[in-house]
Ligand SMILES: [Fe+2]
Ligand SMILES: [Fe+2]
């Protein structure tokens with residue numbers, strides 16, 4: 001079985017991720033680099049493990065998390081679908097069983113809120129992990145020099161996010177996204193303006209895993 005470490009060390013993966021990050025940087029979007037991929041990989045694995053996933057599917061969730069944004073090497077539009085096909089090609093070239101690679105392809109192809117749905121356990125864990133990564137370190141340094149009015153809402157929300165973490169509360173059977181926002185930089189309403197569709201997808205993803213999605217912002221339970 002191909003493991004997450006094999007994927008991280010693969011020369012083709014490294015090259016494609018480098019180009020993906022270059023494109024995202026050129027577009028001025030928030031960071032989608034190895035930092036984001038590694039966090040999503042870790043959290044997707046943790047979520048599935050806590051929900052009782054078997055070790056092989058947990059490892060597949062880690063791989064899906066690491067590769068989920070490689071479609072940004074082609075174009076930001078439809079990056080989920082293009083990345084899914086790229087990942088399938090890479091993973092089968094590395095020797096992964098066709099069915100496992102196809103399962104990861106499906107998860108990546110469904111991770112974006114514009115067209116995706118939680119169609120499997122791996123997809124659900126990936127969606128929850130990806131949407132949870134909101135953090136000020138994702139804002140480009142040139143954006144932080146702009147005034148608040150000129151900064152785009154994604155940057156403002158990310159810049160305001162002091163802490164963000166997703167975890168499974170097994171006792172309560174809840175998947176909790178806990179965010180600390182500096183409300184001097186962005187209001188909770190700003191957060192909802194761009195994250196409403198994402199939070200709805202998270203709720204569906206938690207539902208697929210047989211759990212309840214809970215959003216906590218600055219200590220208050222909101223959904
Ligand atoms: Fe994405
Ligand atoms: Fe992502």
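Quick one: which of 19, 24, 39, 47 is part of a helix (DSSP H, G or I), under 27 Å from residue 158 (Cα atoms) and in contact with a strand residue (DSSP E or B) (Cβ under 8 Å, 6 or more places away or on another chain)?
Values: 19 fails: in contact with a strand residue (DSSP E or B) (Cβ under 8 Å, 6 or more places away or on another chain); 24 fails: in contact with a strand residue (DSSP E or B) (Cβ under 8 Å, 6 or more places away or on another chain); 39 fails: in contact with a strand residue (DSSP E or B) (Cβ under 8 Å, 6 or more places away or on another chain).
Just one listed residue meets the conditions, 47.
Kindly state which helices (runs of 4 or more DSSP H) lie completely within region 68-173 and contain at least 1 residues that are closer than 23 Å to residue 8 by Cα, within 15 Å of ligand 1 (Cβ to nearest atom) and in contact (Cβ under 8 Å) with a residue 24 or more places away in the chain.
On the way: elements: 79-93, 98-109, 121-132, 141-144, 153-160.
In region 68-173, the matching helices (runs of 4 or more DSSP H) lie at 79-93, 98-109, 121-132.
Listed conditions (1) assigned to a loop (DSSP other than H, G, I, E, B); (2) loosely packed, with under 15 Cβ neighbours inside 10 Å are all met by residue 185, apart from (2). Does region 55-65 contain at least one residue that is farther than 21 Å from residue 166 by Cβ and either surrounded by fewer than 22 Cβ atoms within 10 Å (Cβ to Cβ) or more than 11 Å from ligand 1 (Cβ to nearest atom) (or both)? Checked region 55-65: at least one residue is farther than 21 Å from residue 166 by Cβ and either surrounded by fewer than 22 Cβ atoms within 10 Å (Cβ to Cβ) or more than 11 Å from ligand 1 (Cβ to nearest atom) (or both). Kindly evaluate residue 7 against the criterion of being within 21 Å of residue 103 (Cβ to Cβ) and within 13 Å of ligand 1 (Cβ to nearest atom). Taking the combined requirement at face value, the residue does not satisfy it.
Is it the case that residue 42 is surrounded by fewer than 21 Cβ atoms within 10 Å (Cβ to Cβ) and either touching a residue at least 24 places away in the same chain (Cβ under 8 Å) or closer than 24 Å to residue 170 by Cβ (or both)? Taking the combined requirement at face value, the residue satisfies it. Of the residues 64, 80, 102, the single one that is more than 12 Å from ligand 2 (Cβ to nearest atom) and modelled with pLDDT of 95 or more is 102.
Applying the criterion of being touching a residue at least 12 places away in the same chain (Cβ under 8 Å) and under 18 Å from the mean Cα position of the chain (by Cα) to the residues of region 1-22, the residue that is surrounded by the fewest Cβ atoms within 10 Å (Cβ to Cβ) is 8.
Mind checking whether some residue in region 6-27 is on the phi > 0 side of the Ramachandran plot and touching a helix residue (DSSP H, G or I) at 6+ places or on another chain (Cβ under 9 Å)? Can you show your working first?
Filtering region 6-27 down to residues on the phi > 0 side of the Ramachandran plot leaves none.
No, region 6-27 has no match at all.
The values are calculated or read from the model by the stated rules, or taken from the named source; none is laboratory data. None of the values given here were measured: they were computed from a predicted structure. Every residue, glycine as well, gets a Cβ built from its backbone with ideal geometry; the counts of neighbours run over all protein chains shown.
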